[in-house]
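One structure is given below, encoded as structure tokens.
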Amino acid sequence: MVADTLPVTGGVGDTGAPRRGRARVLFRHLGTPIAIAAALGVLYLWVHGLKLDSIERRTLNYTYMHDRVIEHFKLTLIASVIIVVIAIPLGVVVSRPRARWVSPVILGLSNLGQAIPSIGVLVLLTIKFGVGFKIAMIGLVAYGVLPVLRNTMVGIQQVDPALVEAARGMGMTRLQVLLSVELRLAVPVILAGLRTALVLTVGVATLATFVNAGGLGDMIVNGIKLSRHPVLITGGVLTCCIAFLVDWLGSLAEDVLRPRGLS
Amino acid sequence: MFENSDGGVRIELRELTKRYPGQTAPAVDAVSLDVPAGELVVFVGPSGCGKTTTMKMINRLIEPTSGEIRIGDEDVLRMRPDDLRRHVGYVIQQIGLFPHLTIAQNVGVVPKLLGWSKAKINDRVDELLGLVGLDAADFRSRYPRQLSGGQQQRVGVARALAADPPVMLMDEPFGATDPITREHLQNEFLRLQRELRKTIIFVTHDFEEAIKLGDRIAVLREGSHIAQYDRPARILSAPADDYVAGFIGTAGTLKRLALITVEEARTAGDGPEGTAGLPEVEATATLREALDAMVAHGTEEVAAVSGDVRHRLTYQDICQAINSESREVEPSGG
């Protein structure tokens, strides 16, 4: 009885993360918000110290920037919800043994969605359907579906087949196996894909300005067209900060939602 | 579900066949076999002989092409597969513990599927962990990766026993463990089975393991054809053909020695005086171990020790025991 016992470090409920690892995790989680706050602080001080002309003042004021940031968030969040709703179920379907033959097709299509330049897609869609929020959505979703879809597929396929066999052998239904084994174990991989997609979407959402759907792209494009560097830089920095914030939220979600017991 | 859940129930296979599309020869070809209630039957054969396929048809992880399976009085092929599997214990070589669930949750999977109350599941988990030799208080809330391979396999056995199924299917359960751990697990498992008397089908390609664990052994060849189905001692002393003999390999007699205990073979009733200075073996040890002690010490006698009682066991006793057993076996064998 003793020969095969393994010394276990830590007490009951200890998942084995060494202290130094925890400190690093904490640092990582604190580091990003501090960096974002610092960037915004520096930006504010810099813009505050500039003598702005009337064109710049029309853009670099609280109301205008607040509206653009909200628009940007709206574009990003709604696109992300649509991406999740499309990509995760599709990834699940494609990972079913019976549907595995369609996976190259689906992967090919979603690769295409990401490979063709998003600005080109937006222009084509605009020529065909006109401008507006919905058109921007289509472009964003087409671009962001791939990472989530691919990671859902891979996440489910990488689950040890022995676990699925054990689960079926104990009398779990296929749905129970999917929900309480396969998807649970795929969570870290799916979240990683979602995080990538979110960050991509924040960036691509700056292009929404070309289809008159607003967002921080307005500031960037105005800054370029009117040669007003403070406007361009402010728009760019705000976009970056949103991307970092979203990435940070993603990393928090990964740590919270990752099943305990996984190394 | 199955009558007589206390201990095991009988399993009958009738003309059980599995054909895969596109293959000319069936993977399993009309196997018929009776497994008596409470016995452990080992399917042994080379890789690809269909032994695992045959086993997996019993819990319908693989659907038979034709044939009949009965567990107790139930016609397995008429049952809902998920219901069936909740009442048939299943242990696989990879163990398949869910890494995201604690040990207690892993063991409680089937009871939970069956809708037991939380309190009942908790009690059962503690009982089972104790049964397989793990301290429940210590192990309940650990995760599988915090356990050694041997401990994980114990949990695997506990999990398969959770809903007290009358029938267990075990697919090379100890195959992936190191030799020392494997021996531990085998011994523990034998002790457990003597207590529980489940009906067990146990698949392995390790003939030594088959001899050690099986009440009966089914030696299988290509297409899951049964080359011989008998008690281990009889397969060793009277192999049905060259194929079975090939499986036994050389030193079949030595292997048979491992099936007889010192207690069973002992004829001389000498007291403590005659055994002074002799190498000692436990009375529950096998003749193989006794012979090993003789060879190691260069004697022709050992002392069989059982508590305070000591008896003498000689080389002649061993020869007699093995030969008299052959005589018992041979007339009915074949």
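Counting helices only, and only those DSSP H runs with n ≥ 4, report the 222 nm mean residue ellipticity of the protein assembly as shown as the sum of -39,500 (n - 2.57) divided by its residues, in deg cm²/dmol to the nearest 500.
My calculation for the protein assembly as shown gives -17000 deg cm²/dmol from helical runs alone.
Starting from the Cα of B:Asp29, move 7 Å in the Cα-to-Cβ direction to define the label point; list residues of the stretch B:214-237 whose amide nitrogen is under 13 Å from there.
Counting only backbone N, you get B:221-227.
How big is Rg to Rh over the stretch B:1-155, alpha-carbon atoms, Rh as the Kirkwood inverse-mean-distance radius?
Ratio value, two decimals: 1.01.
Sort chain B into rounded, prolate or oblate with this rule: let a ≥ b ≥ c be the square roots of the eigenvalues of the Cα gyration tensor; rounded if a/c is under 1.5, and if a/c is not under 1.5, prolate when a/b is larger than b/c, oblate otherwise.
oblate
Give the A-B buried accessible area in Å², both sides summed, 1.4 Å probe, nearest 100.
Protein heavy atoms only, the A-B interface buries about 2900 Å².
What number comes out for the charge environment of A:Arg168, summing +1 per Lys or Arg and -1 per Asp or Glu over other residues with Cβ under 12 Å away?
+2
Using a Gaussian network model of chain B whose springs link C-alpha atoms within less than 10 Å, name the residue from B:Gly223, B:Gly214, B:Gly246 with the highest mean-square fluctuation.
B:Gly246
By its C-alpha gyration tensor, with a ≥ b ≥ c as the square roots of the eigenvalues, how is the stretch B:163-205 shaped: rounded for a/c under 1.5, else prolate for a/b larger than b/c, else oblate?
Verdict is oblate for the stretch B:163-205.
Restricting to lysine pairs 8 or more places apart or on different chains, what number in the protein assembly as shown have Cα atoms under 28 Å apart?
Number of lysine pairs found: 22.
How many angstrom lie between the C-alpha centres of the stretch A:65-92 and the stretch A:121-150?
So the two Cα centres are separated by 12 Å.
Within a Cβ distance under 10 Å of A:Ala205, other residues only, what is the Lys/Arg minus Asp/Glu net charge?
Around A:Ala205, the surrounding residues sum to 0.
If you count the DSSP beta bridges with both ends in the stretch B:11-249, what percent of them are antiparallel, to the nearest 5? Mind showing how you got there, number by number?
Details: 17 of 36 bridges.
Given both bridge residues lie in the stretch B:11-249, the antiparallel proportion sits at roughly 45 percent.
Just the accessible area for B:His225, please: 1.4 Å probe, Å², rounded to the nearest 10?
Using a 1.4 Å probe on the heavy atoms, I get roughly 80 Å².
Using a 10 Å cut-off on Cβ to Cβ distances, tally the other chain neighbours for every residue of B:89-99 and report the average as a whole number.
Across B:89-99, the average partner-chain Cβ count within 10 Å equals 6.
First measure r as the distance between the Cβ atoms of A:Val154 and A:Ala37, then evaluate 1/(1 + (r/R0)^6) with R0 = 30 Å and state the FRET efficiency to the nearest 0.05.
It comes to 0.30.
Which residue, B:Tyr229, B:Tyr243, B:Tyr90, tops the fluctuation ranking in a GNM of chain B built on C-alpha contacts under 10 Å?
Comparing B:Tyr229, B:Tyr243, B:Tyr90 in a Gaussian network model of chain B, the most mobile one is B:Tyr243.
Any chance you could check the Cα centroid distance between the stretch B:215-235 and the stretch B:1-73 for me, in angstrom?
About 14 Å separates the Cα centre of the stretch B:215-235 from the one of the stretch B:1-73.
Which residue, A:Gly139, A:Gly108, A:Gly193, has the most motion in a Gaussian network model of chain A that connects Cα atoms within less than 10 Å?
Result: A:Gly108 has the largest fluctuation of those listed.
Going from most exposed to least, what order do A:Leu26, A:Leu252, A:Leu185 have by accessible area with a 1.4 Å probe?
A:Leu26, A:Leu252, A:Leu185
Taking GluC sites (Glu not before Pro) as exposed when DSSP calls them loop (any state but H, G, I, E, B) and at most 15 other Cβ atoms lie within 10 Å, what is the longest stretch of chain B free of them, the sites themselves excluded? Walk me through the intermediate numbers first.
Numbers: sites that count: B:Glu3, B:Glu300.
It runs B:4-299.
Of the beta bridges DSSP finds with both residues in the protein assembly as shown, what % are antiparallel, to the nearest 5?
Working: 24 of 46 bridges.
Bridges in the protein assembly as shown that DSSP calls antiparallel: roughly 50 percent.
Using a ≥ b ≥ c from the Cα gyration tensor of the stretch A:26-257 (square roots of the eigenvalues), is it rounded, prolate or oblate, where a/c under 1.5 gives rounded and otherwise the larger of a/b and b/c decides, a/b for prolate?
Oblate shape, in that a/c is at least 1.5 and b/c is the bigger or equal ratio.
The values are calculated or read from the model by the stated rules, or taken from the named source; none is laboratory data. As the structure is a prediction and not an experimental result, all values here were calculated from the model. Ideal geometry is used to build each Cβ from the backbone, glycine not excepted, and the neighbour counts take in all protein chains shown. Side chains are part of the model used for accessible areas, which takes the heavy atoms of the whole protein and leaves out ligands, DNA and RNA. Shrake-Rupley method; radii C 1.70, N 1.55, O 1.52, S 1.80 Å.
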